[in-house]
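The values are calculated or read from the model by the stated rules, or taken from the named source; none is laboratory data. The structure displayed is predicted, hence computed values, not measured ones. Backbone-built Cβ (ideal geometry, glycine too); neighbour counts: all protein chains shown. The accessibility values were calculated without ligands, DNA or RNA, using every heavy atom of the protein model including side chains. Shrake-Rupley method; radii C 1.70, N 1.55, O 1.52, S 1.80 Å.
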Amino acid sequence: MERPFFCVFYRALLLLSLHVLMISFMHGGYAYGVEGKIASHTISVSSLLPSPSCSPSTTKASDRKSTLEVIHKHGPCSPLVQDHNPLNLTEILLRDESRVKWIQSRSSNSKDGLKALTGASLPGLTIGLGTPIKNLTLLFDTGSPLTWTQCEPCLGSCYTQFDPMFNPSQSSSYANISCASTLCSLAGSGCLGSTCLYSAEYGDNSSSVGFLATEKLTISPTEVIDNFEFGCGENNSGVFGRAAGLLGLSDNNISFVEQTAAKYGKNFSYCLPSSPSSTGHLTFGNEGGEPSSVKFTPLSKIQQDSEFYGISIVGISVEGIPLSIPSTIFSSAGAIIDSGTVITQMPPTAYSALRTAFRNAMANYTMTPAIPIHSDLPSLDTCYDFSKVSMVTVPSITFSFAEGVDIDLHPSGILYTVNASEVCLAFAATGADTDLAVYGNVQQRTFEMVYDVAGRKLGFGPNACS
């Protein structure tokens, strides 16, 4: 499971004999092109390489009382990783592809109860549960509805987790949910006597089965949620990477977002760091408002009862130049944003245009063979060997969203680094132009991703964490 993951150029326009001449100059890491748009990034190769040590970042939300620190599940800051061995890239991409296919199937058939999909790179955080408080490391997921944790006793099986397992018999604030409750009719899968049961099934054959219950959930000493509804799992299996369970943040009536609507206004935001060796944050509510640098695009529904966060991609630019992609390519299939998908997957027509423009801009660098995943799955097919250079200039990639929102990706959101000899374009094609596109977590790096679910809009705030 896992859902697990700059110089300034200005270009002036001179009109001469009906021709446009573009001039650029450098200052500190970015290159600006037409109409002030970023054309390229000049960065050190060492900045692309994963660090073996943890370097917690100072984030813009660190002083908010409703903020939790976010760690990369497989990074050196994570307590979940044994011996801090990174997950094999092939395994990451296989799980990533499985997650995308599951999302695509769910987007066309959303009546599957608590079925969801764990991801190869879901972010982790620590919350408190019970009275007295027991700290638990959970993975948060914008594609899952139910929050659950492993509980004693394990009546079936339980996987190994980092934290001591939660024991409801030792908490004075724990209570099982009755079969007669509204929640049981929404999320229950049956009853044991008068107690409501749940069953959360995941597309990678992971699962959690147990009792629906209420408990005191603690985010910070001043942020406590009483009677929080969650799953107390006594039969759990899968690839949760030593996390105690999941924090469900999907657009669903049983998710954390809906349960805390009165307190946090159905608003949350997070920042995923540029590197697994750094940290980010997850913030609930809108304390103090959003900075003016945040740009908002509408959130949409893929279909009426979908729990995924839909977005409208209207175009992509490379080096500030819009790609020639038919407007119907993104609009016909639709798109969502997802915290658990690693690599953004887009319709083949769009990906082909992006790949061609990127390769043309990177013509001076040595390409390496594609990283194959499986004969039936897409590969990372635009990779480079940077082992013999210390600096590289990477073309900018800009995503355009509905209502005029243009987002210039951070360099860490453009490239996926295996090592200095294998640095790849961090995008892949879906199986067909009619397949739903998924905007993954690599492309979200360093942005404050603001989910104003009540206002039905998604915000992008640059440079929110390092």
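Per residue, how many Å² of accessible area does region 398-439 show with a 1.4 Å probe?
Per residue, region 398-439 has 27 Å² of solvent-accessible surface.
Ignoring any ligand, DNA or RNA, what whole percent of the accessible area of region 420-463 comes from carbon and sulfur when the probe is 1.4 angstrom?
48
Counting only residues 5 or more places away or on other chains, whose amide H sits under 5 Å from the amide H of Asp338 once H atoms are built in the peptide plane?
When sequence neighbours closer than 5 places are left aside, the close amide H contacts are Tyr439.
Could you rank the peptides 407-418, 174-185, 450-461 by their average count of other C-beta atoms within 10 Å per residue, with the highest value first?
407-418, 450-461, 174-185
Hey, can you rank 69-77, 360-368 by average C-beta count inside 10 Å, highest first?
69-77, 360-368
With θ set to phi - 60° and the Karplus curve 6.51 cos²θ - 1.76 cosθ + 1.60, what are the ³J(HN,Hα) couplings of region 281-295 in order, to the nearest whole Hz, using x for Gly and Pro?
7, 10, 10, 9, x, 10, 4, x, x, 9, x, 5, 6, 6, 9
Cα centroids of region 329-398 and region 170-238: how far apart, whole angstrom?
Result: 40 Å between the Cα centres.
Whole-Hz Karplus ³J(HN,Hα) for region 323-330, in order, using 6.51 cos²θ - 1.76 cosθ + 1.60 and θ = phi - 60°, x for Gly and Pro?
7, 7, 10, x, 4, 7, 4, 7
Between Ser185 and Glu152, 0.36 nm times their residue separation minus their Cα-Cα distance comes to what?
Length gained between Ser185 and Glu152: 9.4 nm.
What FRET efficiency, computed as 1/(1 + (r/R0)^6) with R0 = 22 Å and r the Cβ-Cβ distance, is obtained for Thr160 and Thr90, rounded to the nearest 0.05?
Using R0 = 22 Å, I get an efficiency of 0.45.
Please report, as a whole percent, how much of the solvent-accessible surface of region 205-323 comes from carbon and sulfur atoms (probe radius 1.4 Å).
The C+S portion of the solvent-accessible surface of region 205-323 is 49 percent.
Taking 7 Å along the Cα-to-C-beta vector as the label spot, tell me the Ser47-Ser105 distance in nanometres, rounded to one decimal.
4.2
For Met391 and Ser220 in the same chain, what is the full-extension length gain: residue separation times 0.36 nm, less their Cα-Cα distance, in nm?
57.3 nm
When you count, for each residue, the other Cβ atoms within 10 Å and take the mean per peptide, how do 271-283, 334-346, 207-219, 148-160 rank with the highest first?
334-346, 271-283, 207-219, 148-160
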